[in-house]
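The values are calculated or read from the model by the stated rules, or taken from the named source; none is laboratory data. Bear in mind the structure is a predicted one, so any value in this text is a computation, not a measurement. Counting neighbours? That spans all protein chains shown, and the Cβs are built from the backbone with ideal geometry, glycine included. When the accessible area is computed, the model is the full protein with side chains, heavy atoms only, and any ligands, DNA or RNA have been set aside. Shrake-Rupley method; radii C 1.70, N 1.55, O 1.52, S 1.80 Å.
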Amino acid sequence: MESKTDEIQEWFDKIDDLLVVIDNKGEIVRVNQGWIDYCANNNLDQKIIQGAEDYLELLNQSSNAEAADTIKEILELEIPEYSTHFHYMDKDGDKLWFEVKIKTVKLDSNEPAGAVIFHTPLKGSGIQSITVETVLESMTDGFYLLDDQLRFNYINEVAEKIIGRKRDEILGLTAHEVFPKLKGSNLEHQLLTALRTKEHMEFDENFSNYDGWSHIKLIPLKNGGLAIYFQNIEQQKKLEEKLTEFAYYDFLTGLPNRRKMTEIAFSLKERKKKFSFFYINLDNLKFINALYNYASGDKVVVSVAERLQSLSDHRCHVGRLEGDEFIVIRESAPGERLEIFAEKLMDLFKDPFMLADFQSAYVTASIGIACIPFDTERLRDLVAFAETAMYEAKKEKGSSYSFYRPKMRSQRERRVLIEKSLMGCLEDSGFYFTVQPQISGGGINLSGIEVLARWKHPVLGELSPLEFIEVAEQSGTIAHLTTHLLHEVLKVIKDWEQLYGWNIKTAINMTPSLLANTVFFEEFFNLLEHYGVCPSLLEVELTEHAEMAYSETTMRNLELCREKGISIAIDDFGTGFSMISYLTQFPINKIKIDRYFIRQIGEDAKSEAVLKSLIHLAQSIECELLAEGVERPEEVLFLKENSCTVFQGYYYDKPLQVKDFERKYLSDLSFSSQK
Ligand code: C2E
Ligand code: CA
Ligand code: CA
């Protein structure tokens, strides 16, 4: 599938005008071939054509500050269109004059408008020094002078070309003789009106004698005739249509975008149609982007669009909101069961998606459904309700759907509140952490601690980390949260070092998106230096994840950790997917066997066998081993018998407040007086 970006470039290159597209800050984001050729042939600085150059700055350098200011103003006010003249200095310092038309365009529906700049070179060296005659002849506009009987008195070279006849043949003829289709046309009406009212007129016209659309200016003359400027804007019109199309369609997939889908929904509602709104969120696109690369993520998005479109018909519209969100608007048919359609949607995600480099991955979708008028009469509610239902569906693993129910509303509000609180400053927000001891040897020595985040939310009360960590991960605030936590934790470690000679590892949990976040790791290393904490006192805990094994960024970040002496532990081991491939690819120091296996001790022989082989596996690759969630003495016994001797769990201690931990484990400076 050819991407929209290629398509628009092809379009730009077809246009004869010299085009430069700039973004809202004045940086060049695109130029066309015409402009590249012109710059090369006219000794212009190549900078003008390079990407990411500041066009306004280049104008300033060409001693054209006024033009730069005007463009800035146009961008700020999003004035739709503006024409002017200005010049560039070529490399010899000669001025090249252009007639320029500046049109603001939305390059991306979320960004402020940028602009397309159409340059039309003016022949002659400087605009001030040329005569009226040369201006008329060098203009790229067609130009005619008609007398009060609409007889041709003058036409310029361009006009000859447009009409396709020599001026000798035309001068003296009337407009009606030259253009047989003029009679009764809108153009005739305009000409006569201008003659009669003596008022300046300007309009776009698609007059059938010409090649498509023209922009026409009629200027009544004192002697009774008309001066007519005539510019062929067919290509510009098409470009505009294209640009409008881009404003309504998604760049990557070509699907209708939010704006277009809103229009569709609005029009259905106006026509009193019943319809349902399916809000589709891809569960793991963020991972695919982070763990493979954006090209793979884009490939998935395009394939999802294609699969969804296979379901579209005259009463079923598919669109893309943004990122990992799609919507389907479906007009209701009598007796129709929406579950069946929802199942069809889910079926689209059964097969894996191809990524770049012949790899493939499963992508699942969470689908929320709300209906007009069943759930609400208002469009705005409809979208919010469907989104709320989508979050409900998200709670299920894998693809699933959920219909909106009014009680979900308060859950949604809760989530939004958590999201908002996470975005703010976490200092004094009720956010804190506990530590849970890791016990080794005969079950007596403290061998490490794990940091577990806690949040006594000012409105919602005590929150489970399972809830707020997931919200943070999904709303992109996890780095903010973890950095805050690191500040607090490192401060405490430094204190303990000074007070008690603390030299034991502290484990911090990190989510997949954090592991792929290089900026976060830079910050992490800086903080260690800032607080003067030795990296070997820290451990990073990561949870198994299907795609993680392949991400280069994650690998690089983990290797950097290892180089610095930070150790790496795999959390919840045995519950994920990858296992062996994982252990061989990642630089791992420690495996934490999930509580799921520990719970089965003494209950289920098969699970005990799996547990034994997990322990064996860890030992064979020389990893440290820790059993999580140890609660009962028989668990400890079994584990010890099978040579697993490091434990974390309620049997020893629940996660403790820092002060309690200090009192219990640190104040007597010995870690060996407990159980
Ligand atoms: P986890 O990393 O597997 O942490 C262990 C969880 O098991 C903790 O729950 C702990 O309180 C609980 N636990 C410990 N021993 C026992 C036991 O003997 N029996 C039982 N039933 N449970 C035990 P918690 O603190 O509620 O944390 C839940 C999860 O939230 C953590 O699971 C971790 O995935 C996540 N989490 C907590 N703090 C953070 C954090 O700072 N960052 C990130 N990324 N995730 C965090
Ligand atoms: Ca953990
Ligand atoms: Ca765990």
request  = Filter the range 614-637 for residues that are away from ligand 2 (no atom under 16 Å from the Cβ), closer than 12 Å to residue 601 by Cα and buried (at least 20 other Cβ atoms within 10 Å of the Cβ) and give the result.
outcome  = 635, 636
query = Does residue 248 fit the bill of being of a type outside the set (A, V, I, L, M, F, W, C) and under 16 Å from the mean Cα position of the chain (by Cα)?
reply = no
key: Qualifying residue in the range 352-367 (condition: of a type in the set (Ser, Thr, Tyr) and open to solvent by 50 Å² or more (accessible area, probe 1.4 Å))   = yes
ask   = For residue 564, are the conditions met, namely being within 18 Å of residue 538 (Cα to Cα), open to solvent by 30 Å² or more (accessible area, probe 1.4 Å) and out of contact with any Gly (no Cβ under 7 Å at 6 or more places or on another chain)?
value = yes
task = Out of the residues in the range 437-453 that are in contact (Cβ under 8 Å) with a residue 60 or more places away in the chain, in contact with a helix residue (DSSP H, G or I) (Cβ under 9 Å, 6 or more places away or on another chain) and not in a loop (DSSP other than H, G, I, E, B), state the one that is farthest from ligand 3 (Cβ to nearest atom).
result = 446
key: Test: residue 239 is modelled with pLDDT under 80, crowded, with 17+ Cβ neighbours inside 10 Å, in contact with a Phe, Trp or Tyr (Cβ under 7 Å, 6 or more places away or on another chain) and under 20 Å from residue 113 (Cβ atoms)   = yes
ask   = What tally of residues in the range 590-620 results from selecting those that are closer than 25 Å to residue 507 by Cβ, within 16 Å of ligand 1 (Cβ to nearest atom) and out of contact with any Leu (no Cβ under 9 Å at 6 or more places or on another chain)?
value = 4
inquiry  = On the basis of being modelled with pLDDT under 85, of a type outside the set (Lys, Arg), assigned to a helix (DSSP H, G or I) and not assigned by TED's automatic domain parsing to the domain that holds residue 82, does residue 162 make the cut?
reply    = yes
ask   = Counting only residues that are surrounded by fewer than 17 Cβ atoms within 10 Å (Cβ to Cβ) and in a loop (DSSP other than H, G, I, E, B), how many does the range 459-501 have?
value = 5
key: All positions within the range 264-281 that are farther than 12 Å from residue 372 by Cα and among the aromatic types (Phe, Trp, Tyr)   = 279
request  = Report, by residue number, each residue of the range 165-178 that is open to solvent by 60 Å² or more (accessible area, probe 1.4 Å), closer than 20 Å to residue 229 by Cβ and outside any helix (DSSP H, G or I).
outcome  = 165, 171
message = I'd like to check something: does the range 251-272 contain any residue that is part of a loop (DSSP other than H, G, I, E, B), over 23 Å from residue 111 (Cα atoms) and open to solvent by 10 Å² or more (accessible area, probe 1.4 Å)?
response = yes
Selected residue [within 14 Å of ligand 1 (Cβ to nearest atom), buried (at least 18 other Cβ atoms within 10 Å of the Cβ), among the hydrophobic types (A, V, I, L, M, F, W, C) and closer than 25 Å to residue 588 by Cα] from 538, 528 = 538
ask   = Restricted to the range 502-525, and to residues that are assigned to a helix (DSSP H, G or I) and within 16 Å of ligand 1 (Cβ to nearest atom), which residue is surrounded by the fewest Cβ atoms within 10 Å (Cβ to Cβ)?
value = 523
query = Can you find a residue in the range 510-519 that is in contact with a Leu (Cβ under 8 Å, 6 or more places away or on another chain) and more than 16 Å from ligand 3 (Cβ to nearest atom)?
reply = yes
query = List, please: which pairs have Cβ atoms under 7 Å, are six or more places apart or on different chains, and start with a residue in the range 32-43 that is at positive phi and end with one that is surrounded by 15 or more Cβ atoms within 10 Å (Cβ to Cβ)?
reply = 43/90
ask   = Out of all the residues in the range 153-211, which are of a type in the set (A, V, I, L, M) and within 48 Å of the chain's Cα centre (by Cα)?
value = 158, 159, 162, 187, 201
query = Is there any pair with a first residue in the range 353-364 that is under 15 Å from residue 306 (Cα atoms) and in contact (Cβ under 8 Å) with a residue 12 or more places away in the chain and a second that is open to solvent by 100 Å² or more (accessible area, probe 1.4 Å) and not polar (S, T, N, Q) whose Cβ atoms are under 9 Å apart and which are 6 or more apart or on different chains, and what are they?
reply = 353/362
request  = Could you tell me which residue of the range 538-584 is nearest to ligand 2 (Cβ to nearest atom), considering only residues that are at pLDDT 90 or above and of a type in the set (S, T, N, Q)?
outcome  = 567
message = Out of 340, 329, I need the residue that is touching a residue at least 60 places away in the same chain (Cβ under 8 Å) and either among the hydrophobic types (A, V, I, L, M, F, W, C) or open to solvent by 40 Å² or more (accessible area, probe 1.4 Å) (or both). Which one?
response = 329
Complete set of residues in the range 412-435 that are on the phi > 0 side of the Ramachandran plot and open to solvent by 40 Å² or more (accessible area, probe 1.4 Å) = 428
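Table: residues versus (1) in the same structural domain as residue 288 (by TED's automatic domain parsing); (2) over 30 Å from residue 628 (Cα atoms).
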| residue | (1), (2) |
| --- | --- |
| 358 | yes, yes |
| 362 | yes, no |
| 368 | yes, yes |
| 378 | yes, yes |
| 382 | yes, yes |
| 398 | yes, no |
| 413 | no, yes |
| 437 | no, no |
| 449 | no, no |
query = Could you list, in sequence order, the residues of the range 286-323 that are closer than 16 Å to residue 257 by Cα, under 13 Å from the mean Cα position of the chain (by Cα) and buried (at least 22 other Cβ atoms within 10 Å of the Cβ)?
reply = 301, 320
key: Of the criteria (1) in a strand (DSSP E or B); (2) of a type in the set (D, E, K, R); (3) crowded, with 18+ Cβ neighbours inside 10 Å, which one residue 217 fails   = (3)
